[in-house]
1. What FRET efficiency, computed as 1/(1 + (r/R0)^6) with R0 = 45 Å and r the Cβ-Cβ distance, is obtained for Asp168 and Val123, rounded to the nearest 0.05?
2. For segment 71-112, how big is the tail of P(r) above 13 Å, as a whole percent of Cα pairs?
3. Taking the solvent-accessible surface of protein heavy atoms with a 1.4 Å probe, what is the per residue accessible area of the chain in Å²?
4. Taking 2.2 N^0.38 Å as the expected size of a compact globular protein, what ratio does the Cα radius of gyration of the chain give against it, to two decimals?
5. Give me D for segment 1-100 in µm² s⁻¹, whole number, from Stokes-Einstein with Rh from the Kirkwood sum over alpha-carbon pairs, 25 °C and 0.890 mPa s.
6. On a 0 to 90 degree scale, rounded to 10, what angle separates helix 22-38 from the longest Cα axis of the chain?
7. Among residues other than Arg132 whose Cβ falls under 13 Å from its Cβ, what is the net charge (Lys/Arg +1, Asp/Glu -1)?
8. In a GNM of the chain with a 10 Å cut-off on Cα contacts, which of Glu130, Glu100, Glu70 has the highest mean-square fluctuation?
Amino acid sequence: MDIFKEISDAIQEGLNSIFERWDLVLWQIAATVIIIIVVRIFLWKPITRYLEQRQEALSKELHEAAHERERVAQIRYELQTEYEVMRKEARQMKDTLMSEAQLEKERIISDARNEAKRRIQQVDRDVQQELRLQSEKIRENIKNIAFDVAEKIVSHQVTDENIDEVIDEKLDEKL
């Protein structure tokens, strides 16, 4: 407890020494007031003005940043909308081209089938015509063979035994 008593005595003695000379206390108070006024005029106002300007600049920048953020969001929305529209248009174009390609494919297949049918019909006509020609040639040959056999029969006496030989001989000649 001795320490506390010594500290308390030192504080009391310091206070008594301050108030022994009142003129020094008044000069110190006046000097402090003058320092406060000088600080207030020359430092406080410029510092507060600077801080207010800085606060206004920051507020303005924040406001501009918020405005830019809104503008960017609007542009992003517009671009997204435009992208969706372009995707739909591209999909429609793709679908249109696919349907046109399908129609063209069907038209080409139909044309090919029609051409194949036409060619088959032409070949059928050609075969039928060739069959008629060959049939007419065969008939002509049969007539000639029959005529030649009849001529042989008339010019010679053909018997039942040699008639087959004569017919075979004439067939071999004509074919």
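1. On the way: r = 36 Å, r/R0 = 0.80.
My answer for the efficiency is 0.80.
2. Numbers: 561 of 861 pairs.
Counting pairs separated by more than 13 Å, the tail of P(r) holds 65 percent.
3. Numbers: 16420 Å² over 175 residues.
That works out to 94 Å² for each residue.
4. Values: Rg = 65.2 Å, N = 175, 2.2 N^0.38 = 15.7 Å.
Dividing the Cα radius of gyration by 2.2 N^0.38 Å gives 4.16.
5. Values: Rh = 21.8 Å.
Result for D is 112 µm²/s.
6. Taking Cα atoms only, the helix is inclined about 30 degrees.
7. Working: positive: Arg125, Lys137, Arg139; negative: Asp124, Asp126, Glu130, Glu136, Glu140.
Within the 13 Å Cβ shell, the charges total -2.
8. With Cα springs under 10 Å in the chain, the top fluctuation among Glu130, Glu100, Glu70 is at Glu130.
The values are calculated or read from the model by the stated rules, or taken from the named source; none is laboratory data. For clarity, every value in this text was computed on a predicted model and none was experimentally measured. Counting neighbours? That spans all protein chains shown, and the Cβs are built from the backbone with ideal geometry, glycine included. All accessible areas refer to the heavy atoms of the entire protein, side chains included, with ligands and DNA or RNA removed. Shrake-Rupley method; radii C 1.70, N 1.55, O 1.52, S 1.80 Å.
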